[in-house]
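A.B. asks: One structure, pasted below without further comment.
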Amino acid sequence: MIRKTLYFSVSIIGSFLVIEYLFEKYTRKQLKSQIRDLLNNKNDSDINCNTVLKNEFSKVKSCEKIHILYSFENTFNINSNNLEKFIPRINSYKILRQSLDSNKIFETANMHMIWYPYSLRLFFNFCNDLFLFSYKFNYSVKEYNNNNNYIYTINDKHNNKNVVLFLGLGGILFPFNRVINFFLEKGYNIIIPLYGPAQASLKFNLNINENSYYQNIRYFLLSKKIYNFDIISWSLGGILYKGFHNYIIKYNDLKINHSYLFEPLICVRSCMDTFFSHIREYKNTLNIMNFATSKKYNTHNIIFSYFLHTIIGFGTAQSLGYFTNVETKNKENIEYKRFLFVSSDDLIINYKLDKEYIKNNYCDEYTYYRKGYHGGWPNSNKLLPILEKIVK
């Protein structure tokens, strides 16, 4: 009996490992195909990278400079106190992308990418489905699929306002329970467009780039006769929000009323820290995170660094334009109000490293701070009282 149980257990575990191995092999094949196809069909920004980076680096203060130098040392293996010496190395990757040499890009990414279990996709898919199911008792919940571009909506027939929610890396829904409930009660319908490459669930799709993503959202909003709306973004959602902002400006048929940016990935410094994860070893990314946060968050950094080094992080990085939609320290000409929520121990944006960017782009009265790690704002006790004051 014991022997049969042992054989059965070994068979189940063996089968599981074989399935995981085959799926990981298929995923890496998909990444190679994604890099080839997206680079052939996507133009990066025409901005002069030399000018932008020189201008940014000229405004770097001591604390930020120390961090950037440490980050570049762990990324490019160059030890220098002159930030401008790193510009050719930064530009070399832009040149490589524009040369369409996808094999070199894939080989580097493949070398540093860590296994992401398919079982985790099943788990996060279950969590998202359960989250959406919980709203079906009181609201109309729908899923729209246009060529594997997924959009969720949570509607109340009495609500006449709309808010678009841009999720972070992984596309996990459950941290936003309180935020979604608040906006529903304030008369908003919720629109959640999933960014395919960034999904930790079964909704992942590596054949999508940010342009097709924005096009799909715009088409959806126009088809529903939604011409003005608010925006909520978190983490990776920051760069997706700004990309969508830039995209709809060209058409002038949609209007953003307000934006609520929770720990957004949006400024040059953090975009460089995260974007270049695929060209460095996992331990170097972890070193950079530990350098930016308190020691008590070292375990959090292990998990964060892990996700950056899986297909979720690498696939997302390759699908985005090369710093196409980042914001610099130069003041952005934004007509609507932007509310910024910042955490103290956060690689993505914090009030020590990104002080100049925050000061130049946001009003003090619309900027809110808390002590804690990245991702803490959606469940912070400080959040709902603030939203009560600023959400109309």
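The values are calculated or read from the model by the stated rules, or taken from the named source; none is laboratory data. Since the model is a prediction, treat every value here as computed from it, not as a measurement. Positions of Cβ are backbone-derived with ideal geometry, glycine not excepted, and every protein chain shown enters the neighbour counts.
A.B. asks: What's the number of the condition VAL342 fails, among (1) assigned to a loop (DSSP other than H, G, I, E, B); (2) farther than 16 Å from ILE288 by Cβ; (3) in contact (Cβ under 8 Å) with a residue 60 or more places away in the chain?
C.D. replies: Failed condition: (1).
A.B. asks: Those residues that are more than 21 Å from SER305 (Cα to Cα), touching a strand residue (DSSP E or B) at 6+ places or on another chain (Cβ under 7 Å) and charged (D, E, K, R), I need them from the range 348-392; list them, please.
C.D. replies: Passing the criteria: ARG370, LYS382.
A.B. asks: Separate question: Could you list, in sequence order, the residues of the range 326-348 that are surrounded by fewer than 21 Cβ atoms within 10 Å (Cβ to Cβ) and within 16 Å of the chain's Cα centre (by Cα)?
C.D. replies: GLU327
A.B. asks: Looking only at helices (runs of 4 or more DSSP H) that fall completely inside the range 213-302, which ones have 2 or more residues that are within 15 Å of the chain's Cα centre (by Cα) and buried (at least 18 other Cβ atoms within 10 Å of the Cβ)? Working first, answer last.
C.D. replies: Numbers: elements: 237-249, 268-275, 282-292.
Result: 237-249, 268-275.
A.B. asks: Considering the range 275-304 alone, what residues qualify as being among the small types (Gly, Ala, Ser) and either within 30 Å of TYR247 (Cβ to Cβ) or free of Cβ contacts under 8 Å to residues at least 60 places away in the same chain (or both)?
C.D. replies: From the range 275-304, those among the small types (Gly, Ala, Ser) are 277, 292, 294; that's our starting set.
Hits for the range 275-304 are SER277, SER294.
A.B. asks: Take the residues in the range 305-333 that are assigned to a loop (DSSP other than H, G, I, E, B) and without any contact (Cβ under 8 Å) to a residue 40 or more places away in the chain; name whichever of them is farthest from GLY372 (Cα to Cα).
C.D. replies: We begin by selecting, within the range 305-333, every residue assigned to a loop (DSSP other than H, G, I, E, B); these are 309-310, 320-326, 328-333.
Among the residues that remain, those that are also without any contact (Cβ under 8 Å) to a residue 40 or more places away in the chain are: 331-333.
Values: LYS331: 27, GLU332: 27, ASN333: 30 Å.
In this case the residue turns out to be ASN333.
A.B. asks: Look at the range 329-349 and say how many of its residues are among the β-branched types (Val, Ile, Thr) and farther than 16 Å from GLY376 by Cα.
C.D. replies: Within the range 329-349, the first condition is being among the β-branched types (Val, Ile, Thr), and the residues that meet it are 334, 342, 348-349.
Cutting the leftovers down to farther than 16 Å from GLY376 by Cα gives us 334.
Of the residues in the range 329-349, 1 are among the β-branched types (Val, Ile, Thr) and farther than 16 Å from GLY376 by Cα.
A.B. asks: Return the residues of the range 371-392 that are β-branched (Val, Ile, Thr) and assigned to a loop (DSSP other than H, G, I, E, B); say none if nothing qualifies.
C.D. replies: Here is the first cut: in the range 371-392, the residues β-branched (Val, Ile, Thr) are 386, 390-391.
Hit for the range 371-392 is VAL391, nothing else.
A.B. asks: So ALA109 passes all but one of these: (1) touching a helix residue (DSSP H, G or I) at 6+ places or on another chain (Cβ under 8 Å); (2) not in a helix (DSSP H, G or I). Which condition number does it fail?
C.D. replies: (2)
A.B. asks: Of the numbered conditions (1) modelled with pLDDT under 95; (2) surrounded by fewer than 19 Cβ atoms within 10 Å (Cβ to Cβ), PHE323 fails exactly one; give the number of that condition.
C.D. replies: The number of the failed condition is (2).
A.B. asks: Further question on the same structure: Looking at (1) crowded, with 20+ Cβ neighbours inside 10 Å; (2) touching a Phe, Trp or Tyr at 6+ places or on another chain (Cβ under 6 Å); (3) of a type in the set (Phe, Trp, Tyr), which is the only condition TYR357 fails?
C.D. replies: (2)
A.B. asks: Scanning the range 345-370 for residues that are outside any helix (DSSP H, G or I) and of a type in the set (D, E, K, R), which turns out modelled with the lowest pLDDT?
C.D. replies: From the range 345-370, those outside any helix (DSSP H, G or I) are 345-354, 362-363, 367-370; that's our starting set.
Still in the list and also of a type in the set (D, E, K, R): 345-346, 352, 354, 370.
On the way: ASP345: 95, ASP346: 95, LYS352: 92, ASP354: 95, ARG370: 96.
Result: LYS352.
A.B. asks: Answer yes or no as to whether LYS161 is surrounded by fewer than 21 Cβ atoms within 10 Å (Cβ to Cβ), over 24 Å from the mean Cα position of the chain (by Cα) and in contact (Cβ under 8 Å) with a residue 40 or more places away in the chain. Give the steps one after another, and end with the answer.
C.D. replies: Details: surrounded by fewer than 21 Cβ atoms within 10 Å (Cβ to Cβ): yes; over 24 Å from the mean Cα position of the chain (by Cα): yes; in contact (Cβ under 8 Å) with a residue 40 or more places away in the chain: yes.
Yes: the conditions hold for LYS161.
A.B. asks: Which of the residues belonging to the range 125-178 are aromatic (Phe, Trp, Tyr), closer than 26 Å to LEU383 by Cα and not in a strand (DSSP E or B)? Lay out the reasoning, then the answer.
C.D. replies: At the first step, the residues of the range 125-178 found to be aromatic (Phe, Trp, Tyr) are 126, 131, 133, 135, 137, 139, 144, 150, 152, 166, 174, 176.
Checking which are closer than 26 Å to LEU383 by Cα leaves us with 131, 133, 135, 137, 139, 152, 166, 174, 176.
Within the range 125-178, PHE131, PHE133, TYR135, PHE137, TYR139, PHE174, PHE176 meet the criteria.
The rows are residues; the columns are (1) farther than 23 Å from ASP354 by Cβ; (2) aliphatic (A, V, I, L, M); (3) assigned to a helix (DSSP H, G or I); (4) without any contact (Cβ under 8 Å) to a residue 40 or more places away in the chain.
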{"position": "ASN50", "(1), (2), (3), (4)": "no, no, yes, no"}
{"position": "ILE66", "(1), (2), (3), (4)": "no, yes, yes, yes"}
{"position": "SER80", "(1), (2), (3), (4)": "no, no, no, yes"}
{"position": "LEU96", "(1), (2), (3), (4)": "yes, yes, yes, yes"}
{"position": "LEU122", "(1), (2), (3), (4)": "yes, yes, yes, no"}
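A.B. asks: Based on what the data block shows, is THR316 crowded, with 19+ Cβ neighbours inside 10 Å and under 30 Å from LYS255 (Cα atoms)?
C.D. replies: On the way: crowded, with 19+ Cβ neighbours inside 10 Å: yes; under 30 Å from LYS255 (Cα atoms): yes.
Yes, satisfied.
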